[in-house]
Amino acid sequence: MKKSKHPFLSLLLSVFFCLILAAGACVLAFRISLSAPDSQNGAKQVRLVIPSGASSSKVAEILMEEGLIRSDRAFYLLARFPFLSFRDSAPVIKSGYYSVSSAMNAYQILDLLESGLQDYIKVSVPEGLTIRKIAAILEKNEVCTAEDFITAACNPVLLEKYSIPSQSFEGFLFPDTYFFAPEMGAEHIICLMVDAFFDKLDSIPYYAGKSPSQFYETLVLASIVEREYRVAEEAPLIASVFKNRIEAGVGLYSCATIEYIITEIQGKPHPDVITYDDLKINSPYNTYKWAALPPSPISNPGVIALEAAANPPQTDYFYFTLTDSGNGTHTFSKSFNAHVKAGAQFKTKKSGN
């Protein structure tokens, strides 16, 4: 066998190729360690919490514990040394709540944590709910506890901040669809909803530039209109009925205020029907007993009720009664006799069906 004329060069080449193979194997192992733990079909979705000030090693540890990465060491190196992820500088991982899939690779997870695109909880708050009912929705969606929300809604410091002339934010929590972070502080949520309320008021001429104490009675009226109307077109007419009754010094006779007493003050289940005994309840919120607005809002109204209460049309109506339960429309009357007649006709029609 013929010996090589350059044994040192051959050795050097052998070492070089071994190093190339070793480096390739390391790169391959590293890339595998950064691949997604699961396939798309077997992926799981994890709500991840990244604490404020968490180091790269701590984040890698959290991801590993949740089964979202194959190697915490590999993720740490990826986050620590920018050239490994083809970056000019080391990524800055932002704290917060994220929705991460186990089908995501380490590069995708790092991009997400660097983006700050957090996992927000979508919560829809319908018009006409009370503080307690909103609190129940937030607790059900794991945003905050109902107790914390109710406490924050009566926080005197926050009430003073917004110049609210009441002992709670009832009426000032704007019904809308919100995106909350999980376990977001109750006071933060209150501020978001109250800020949304005042932002919306700026688009309604009557309220623009007025302080809460200046439009408070109108807000109370809007909260009642919100609970009474079913068809948007009728909200202004219902507001006109209440306005006429207030000016005449007679009770509003709103069943919605009785429901408020029963469910919110007495803490009882929502009644199927309002009884005559219910109409005798001794409460300042009983508009069958007292000829005035209740002392505070009975719900959190939306734009339709807010506009209706601010600009009710001029009418001669003093009564309204539901006469089409399917469409939710009412018959409006000027006299009590006409009101009774409309109600009787509806009952006759209903029993005939």
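The values are calculated or read from the model by the stated rules, or taken from the named source; none is laboratory data. Computed from a prediction, not measured in an experiment: that's the story for all the values here. As a convention, Cβ positions derive from the backbone with ideal geometry for all residues, glycine included, and neighbour counts pool all protein chains shown. When the accessible area is computed, the model is the full protein with side chains, heavy atoms only, and any ligands, DNA or RNA have been set aside. Shrake-Rupley method; radii C 1.70, N 1.55, O 1.52, S 1.80 Å.
For segment 66-89, give me each residue that is of a type outside the set (A, V, I, L, M) and within 15 Å of residue 111 (Cα to Cα).
Of segment 66-89, the ones of a type outside the set (A, V, I, L, M) are 66-67, 70-73, 75-76, 80-83, 85-89.
Hits for segment 66-89 are 75, 76, 80, 81, 82, 83, 85, 86, 87, 88, 89.
When segment 55-74 is filtered for residues that are of a type in the set (A, V, I, L, M, F, W, C) and closer than 13 Å to residue 114 by Cβ, only 59 remains. Can you tell me which residue is farthest from residue 231 (Cα to Cα) among those in segment 278-306 that are open to solvent by 60 Å² or more (accessible area, probe 1.4 Å) and outside any loop (DSSP other than H, G, I, E, B)? Once the filter is applied, the top-ranked residue is 280.
When residues in segment 234-256 are screened for being touching a Ser or Thr at 6+ places or on another chain (Cβ under 8 Å) and not polar (S, T, N, Q), 8 of them pass. Whenever a residue of segment 192-212 is closer than 16 Å to residue 305 by Cβ, its partners that are in a helix (DSSP H, G or I) and open to solvent by 40 Å² or more (accessible area, probe 1.4 Å), lying with C-beta atoms within less than 7 angstrom and at least six residues away or across chains, give the pairs 200/303; 204/307. For residue 184, the criteria (1) in contact with a helix residue (DSSP H, G or I) (Cβ under 7 Å, 6 or more places away or on another chain); (2) surrounded by 12 or more Cβ atoms within 10 Å (Cβ to Cβ); (3) assigned to a loop (DSSP other than H, G, I, E, B) hold in every case but one, which is (1).
Just a yes or no: is a residue in segment 69-78 under 30 Å from residue 304 (Cβ atoms) and open to solvent by less than 30 Å² (accessible area, probe 1.4 Å)? Before the answer, list the steps.
First pass over segment 69-78, keeping only residues under 30 Å from residue 304 (Cβ atoms): none.
No.
Scanning segment 307-353 for residues that are closer than 30 Å to residue 214 by Cβ, assigned to a helix (DSSP H, G or I) and either open to solvent by less than 40 Å² (accessible area, probe 1.4 Å) or modelled with pLDDT under 90 (or both) turns up 308, 309, 310. Considering segment 81-167, the qualifying helices (runs of 4 or more DSSP H), each wholly inside and each with 3 or more residues that are crowded, with 17+ Cβ neighbours inside 10 Å, run over 106-115, 131-140, 146-152.
Take segment 59-77 and flag every residue that is assigned to a helix (DSSP H, G or I), under 31 Å from the mean Cα position of the chain (by Cα) and charged (D, E, K, R).
First, the residues of segment 59-77 that are assigned to a helix (DSSP H, G or I): 59-65, 72-77.
Checking the rest, the ones that are also under 31 Å from the mean Cα position of the chain (by Cα) come to 59, 62-63, 65.
Passing the criteria: only 65.
Residue check: is residue 258 of a type in the set (A, V, I, L, M) and open to solvent by 20 Å² or more (accessible area, probe 1.4 Å)? The answer is no for residue 258. With the structure loaded, tell me whether residue 36 is without any contact (Cβ under 8 Å) to a residue 40 or more places away in the chain and buried (at least 17 other Cβ atoms within 10 Å of the Cβ) or whether it fails that test. The answer is no for residue 36.
In the condition set (1) open to solvent by 50 Å² or more (accessible area, probe 1.4 Å); (2) touching a Lys or Arg at 6+ places or on another chain (Cβ under 9 Å); (3) hydrophobic (A, V, I, L, M, F, W, C), residue 201 is compliant with all but (1). Checked against (1) of a type outside the set (S, T, N, Q); (2) under 30 Å from residue 286 (Cα atoms); (3) assigned to a helix (DSSP H, G or I), residue 192 passes all but condition (2).
Taken over segment 292-349, the criterion of being of a type in the set (A, V, I, L, M) and out of contact with any helix residue (DSSP H, G or I) (no Cβ under 9 Å at 6 or more places or on another chain) is satisfied by 338, 340, 342, 344.
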